Amino acid sequence: MQTEKILRNCRLCPRECGADRYAEKGFCGESAAVRIARAELHMWEEPCISGTKGSGTVFFSGCNLKCCFCQNYEISHLGKGFELTREELAETFIRMQDMGAHNVNLVNPTHFVPQILDALEICGERLRIPIVYNSGGYEKPETLDMLRGKVDIFLPDLKYFDAQASREYSGAADYFEKAIAAIRRMANIAGKPIIEDGIMKRGVIVRHLVLPNHRHDSLRLIEELEKRFAADEIMVSLMCQYTPVYRAAEHKEIDRKLSGFEYKTAAERLEQAGFAGYFQQRDSAQEKYIPQFYSAKYY
Ligand code: SF4
């Protein structure tokens, strides 16, 4: 009932577009029906998330951001995916656990939070592995509060400081202010990072992808994190895998891969800041990491 009330006038994310998702799609491109495009073990998350057995990634269709360089544009922008009932979504989570996953990793879940909570309720005590909320960072604290006691690990992006960049590349001029407030709330909900035997149990890992010709924006973001968070409060994962896919070529300044110099500049600044976390190997900047997505249920 709560789910229906929320989705009748959807304000789950900062778009607050007010869509009646039983009658229409919101800005995120999704109606009330849950759609995913893939649910499989994934080895290429951070080492404490993928571990030795893999992370149980469930990729949700649609997105509240419109990033012109989105690697998953087939599902986030072009709408690929297939519908699941709440019961089927619950069974999908259990399937991840049965396959040996260290966690259930909800990829881009923001616009389906009420339906995911319904599915977790259906799973009940059968689901014993941590739940990871893996999002673009464009979130409302009120929506994150719904996840208290349900989600153990947050894996938000922090993409831009500069409003012009976030407007041009993702269609969200207010991205930084929304994302930094969301990360603050995530850290309050999850608490400090806890890693046992190399596997994360609780906490927040902020992901930042360094963009070509934007290293000064990366430096500014690291400075903002340093000002707002204690060094042991969050972890930071600095990524270099930027590839100019989808509509990136429309912006010539980001129509190339990242240089070693650009990544090193950001990496050295992050080291100074003292957050624990990860640096990505530059040889991982390849399209082979884009997984296969499906239009019909295949498992
Ligand atoms: S989740 Fe989708 S429908 Fe809801 S406010 Fe955001 S964009 Fe609009």
Q) What are the semi-axes of the equivalent ellipsoid for region 231-275, taken as the square roots of 5 times the Cα gyration tensor eigenvalues, largest first, in whole Å? A) 27, 12, 7
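Taking region 217-299, how much of its Cα-Cα pair set, in percent, is spaced more than 22 angstrom apart? All intermediate terms of the calculation are to be shown ahead of the outcome.
Working: 1430 of 3403 pairs.
That tail contains 42 percent of the Cα-Cα pairs.
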**Q.** Inter-part distance where region 17-74 and region 108-164 are each reduced to a Cα centre, Å
**A.** 11 Å
**Q.** Of all accessible heavy-atom area on region 188-233, the percent that carbon and sulfur account for (1.4 Å)
**A.** 45 percent
Q.
Quick check on region 1-110: take the gyration tensor over C-alpha atoms, sort the square-rooted eigenvalues as a ≥ b ≥ c, and tell me if it's rounded (a/c under 1.5), prolate or oblate.
A. prolate
Q: Show which lysines lie in cross-link reach of Lys192 when reach means a straight Cα distance below 23 angstrom and same-chain residues fewer than eight apart are skipped.
A: Lys140, Lys150, Lys159, Lys178, Lys201, Lys227
Q) If you wrap a convex hull around the C-alpha atoms of the chain and split its volume per residue, what is the figure in Å³? A) 119 Å³
Q | Residue-normalised accessible area of region 1-146, expressed per residue, 1.4 Å probe, Å² | A | 38 Å²
Q. How much of the accessible area of region 1-84, in percent, comes from carbon and sulfur atoms when a 1.4 Å probe is used?
A. 50 percent
Q) Near Lys297, which aspartates and glutamates are there with a Cα under 15 Å away, not counting those fewer than 8 places off in the same chain? A) Glu40, Glu83, Glu87, Glu88, Glu91
Q.
Need one number: convex hull volume per residue for region 51-171, Cα atoms only, in Å³.
A. 112 Å³
Q: Let me have the 222 nm mean residue ellipticity of the chain computed from DSSP H runs of 4+ only, each contributing -39500 (n - 2.57), with the sum over all residues rounded to the nearest 500.
A: -9500 deg cm²/dmol
Q | Alpha carbon convex hull of region 164-290, volume per residue in cubic angstrom | A | 122 Å³
Q. Taking a probe of 1.4 angstrom, what is the accessible area of Lys257 in Å², to the nearest 10?
A. 100 Å²
Q: Quick one: among Gly100, Gly56, Gly203, which has the greatest mean-square fluctuation in a GNM of the chain with alpha-carbon springs under 10 angstrom?
A: Gly100
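The values are calculated or read from the model by the stated rules, or taken from the named source; none is laboratory data. For clarity, every value in this text was computed on a predicted model and none was experimentally measured. Ligands, DNA and RNA are stripped out before the accessible areas are found, and what is left, the full protein with its side chains, is counted by its heavy atoms. Shrake-Rupley method; radii C 1.70, N 1.55, O 1.52, S 1.80 Å.
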